[in-house]
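Let me begin by presenting the structure, written as structure tokens, before commenting on it.
The values are calculated or read from the model by the stated rules, or taken from the named source; none is laboratory data. All values derive from a computational prediction rather than experimental measurement. Every residue, glycine as well, gets a Cβ built from its backbone with ideal geometry; the counts of neighbours run over all protein chains shown. When the accessible area is computed, the model is the full protein with side chains, heavy atoms only, and any ligands, DNA or RNA have been set aside. Shrake-Rupley method; radii C 1.70, N 1.55, O 1.52, S 1.80 Å.
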Amino acid sequence: MTEVAIANFLPEIELPEEKLLRRLQSIISGYLNNKQVDSINHAFHFGADAHSGQYRKSGEAYICHPLSVAITLAEMHMDTQGIIAAILHDVIEDTPISKEQIVEEFSQEVADLVDAVTKLTKLDNKSRAETQAENVRKMILAMAKDLRVIIVKLADRLHNMQTLGAMPIEKKRRIAKETQEIYVPLANRLSMNSIRHQLEGLCLEAIHPHRYQAIRQAVKKARGNRREIVNTIESAIKNRLNQTGLIFDVAGREKNVASIYKKMRRQKIPFSNVFDVYAFRIYCDQVDDCYRILGCVHNLFNPIPGKFKDYIALPKANGYQSLHTILIGPYGVPIEIQIRTHEMHRMAESGIAAHWVYKSGDTSGEHVRARATEWLRDLLEIQKTAGDSLEFIDNLKIDLFPQEVFVFTPQGNIIKLPRGATIVDFAYAVHTDIGSTCVSARIDNKLIPLQTQLENGMTVEVITASWARPNPLWLNHIITAKARSSIRNYLKNFQQQDAINLGRRLLEKELKTLNIELDNIAESRLLQLLEVMKMQSMDELLEAIGLGNKMPILVAKHLSQEDIHAAIKLENTTTENTPLIIKGTEGMVITLAKCCHPIPGDHIVGFFNPGKGIVIHHHECRNSKDVRKQQSSWIDVEWSHEISGEFSVELRIELLNQRGTLATIASTISGLDANIESVTIADQDDKVSIDLITLAVKDRVHLANIIRKLKKLFIVLKITRIKA
Ligand code: MN
């Protein structure tokens, strides 16, 4: 045979990922338009490229995993962005692709979803303490500003559970426990019953493999014995309903292994009692038909009094709708019947995921929060009419509109704090001693100032020093009662003499780093110092240091100056125009960094710079990040409340290159009470000119106003503030 002929005889071999892609395409083409299907195909190719060369433990190409996740979501009719995010959900974490590339290739929305799923994935295994499951769930909900993130994450977990495969039993069990404690309740909370049931079954199988198999075998055996009776009942129902001309589907319903196990345990009854019920579900299109069908089956078999429940008129608290009734069937067997529309069924199976595309065919651009709110409002409405407990909704509300942040200690414990809490609040929440001796902190291994506000999922490591004491300045940015009362308490109980002693210790320690002994300093120098600091006595100065109103390191630097009077002169010339930025820095020269141009309202950090005093940088300034690594030379600073004056700030503006555009910009800026200090044309072509403008503003609010007004001008294409 020739080669060609052989090739013709070979069966077409389809790769697993091709098969999955085909399956996904056939599902999505059922509810999405061609353009949407195309963009999902594009996501597949992009994802497959990114993951190429990576394989799952099963030996399949890695892309099979995200594809399977996408299929689960497509079955729930997830929107296009959600499906794309599912396909790309491991790309940021496991491939060189960056979030920015996803923005470029797809959209900000998709990139945000993928990024958020990546962050959630990093939480897995982070917290091992079982008692914290509730907090982990809350943290997940709080982190997912967009509920689709959780939906993708649940589908991801489902596929991981389905493919535990040949993993060591202990590892399987650990993953299953985590799933049971965190993801099953989340699925339940979001009414995603189909995923919840599947997860429950897989968890039971991994945790109690023998019990799982035993129940499965029992179900199999019982099924054979029941087949005849099931068929008899089913055809009786069908025949009766067919006479009415109603359109319907009947399906026999079997309890799944996990719920049989749960019921056996909860009610302490044997398998046969649980399984001895014949259950059917009848689906139709119209709500009215549900009641007509109910009438028919009540007419066919006798209903058991008191067992009828109308969850259509009075839905369950999580939005579940259906009619439930129990009948006495042939040979006296009980028959459970549920009657619902197809739409109700979809809602019961997919919960919030079904709601995602509920009313809007087009889901782009709409604000996701608003949709979550709408979902909540619907549920609230249901609850009102149901007169049910509001607990469910209350929990969900807390989770969706979090007033709390959840952060980790380095040991993986979760600390819950009110939104807006800072490192100091965290330190006090861990322990009063840690709070009162904290000097700085690392978040995710980066040093950050104490007034930094916490964000969900951060790991916070507080750095303490035995000599450190609570700083009265902290009262400006802490928000928890515990931190506030601890600091106040400390300050109240702090005796004057204690303050002086502490102040001396702190100053001596700082002087030592400069190789100076306090006792060796000449009296005249100390007097000069007091003059500079505008203090009456050394005790007054030491007390101020001890109370945290003066920084010991600043005083020490002063004493190290060759000529303190020269320093006074320098101050008098510079501090005249510069505001007092932080209490306790009186007498120090303060410079605002030229690289990042901090203005009042910005988060700032201060650095000691020999000869320059304290240089204030914007918190995000790149230059400051290097210096910040040297712990000792940077300090927390805050803008003074009485600050006033003008501050330079640099803007980069992309303008249409037309005659007179700069004049328009200039007049707009001066119309808003700000002065232009300089203009540099950085780059220019026929159409666009990129200009760097330095202007003087009062503060952040003033600057924001100016930027807003400028953005409204049609000649302005883009504005960014330059922070080095
Ligand atoms: Mn995954």
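Some observations on this one:
Per-residue answers, yes or no, for (1) at pLDDT 90 or above; (2) hydrophobic (A, V, I, L, M, F, W, C); (3) away from the ligand (no atom under 13 Å from the Cβ):
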position	(1), (2), (3)
77	no, no, yes
122	no, no, no
129	no, yes, yes
136	no, yes, yes
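- Residue in segment 4-18 that is more than 27 Å from residue 349 (Cα to Cα), at pLDDT 90 or above and among the small types (Gly, Ala, Ser) present: no
- Contacts under 7 angstrom Cβ, first residue in segment 495-524 being in the same structural domain as residue 559 (by TED's automatic domain parsing) and at pLDDT below 85, partner among the β-branched types (Val, Ile, Thr) and open to solvent by less than 100 Å² (accessible area, probe 1.4 Å), 6 or more apart: 503/545; 506/545; 510/553
- Residues considered: 251, 187, 214. Of these, the only one that is within 20 Å of residue 72 (Cβ to Cβ) and either open to solvent by 70 Å² or more (accessible area, probe 1.4 Å) or hydrophobic (A, V, I, L, M, F, W, C) (or both) is 187.
- Among (1) modelled with pLDDT of 80 or more; (2) of a type in the set (Gly, Ala, Ser); (3) open to solvent by less than 20 Å² (accessible area, probe 1.4 Å), the one test that residue 624 misses: (1)
- Among the residues of segment 35-55, the one identified as within 13 Å of the ligand (Cβ to nearest atom) and surrounded by fewer than 18 Cβ atoms within 10 Å (Cβ to Cβ) is 54.
- Checking each residue in segment 658-686 for being in a loop (DSSP other than H, G, I, E, B), closer than 16 Å to residue 713 by Cβ and modelled with pLDDT under 85 picks out 658, 659, 660.
- The set of residues in segment 89-103 being part of a loop (DSSP other than H, G, I, E, B) and either surrounded by fewer than 16 Cβ atoms within 10 Å (Cβ to Cβ) or touching a strand residue (DSSP E or B) at 6+ places or on another chain (Cβ under 9 Å) (or both) consists of 96, 98.
- One residue stands out among those in segment 159-184 that are over 23 Å from the mean Cα position of the chain (by Cα) and polar (S, T, N, Q): the one that is farthest from the ligand (Cβ to nearest atom), which is 162.
- Filter result for residue 645 (more than 35 Å from the chain's Cα centre (by Cα), assigned to a loop (DSSP other than H, G, I, E, B) and at pLDDT 65 or above): yes
- Selection count where residues are closer than 17 Å to residue 236 by Cα, among the charged types (D, E, K, R) and within 43 Å of the chain's Cα centre (by Cα), scope segment 268-297: 1
- Condition met for residue 427 (open to solvent by less than 80 Å² (accessible area, probe 1.4 Å), modelled with pLDDT under 85 and not assigned by TED's automatic domain parsing to the domain that holds residue 619): no
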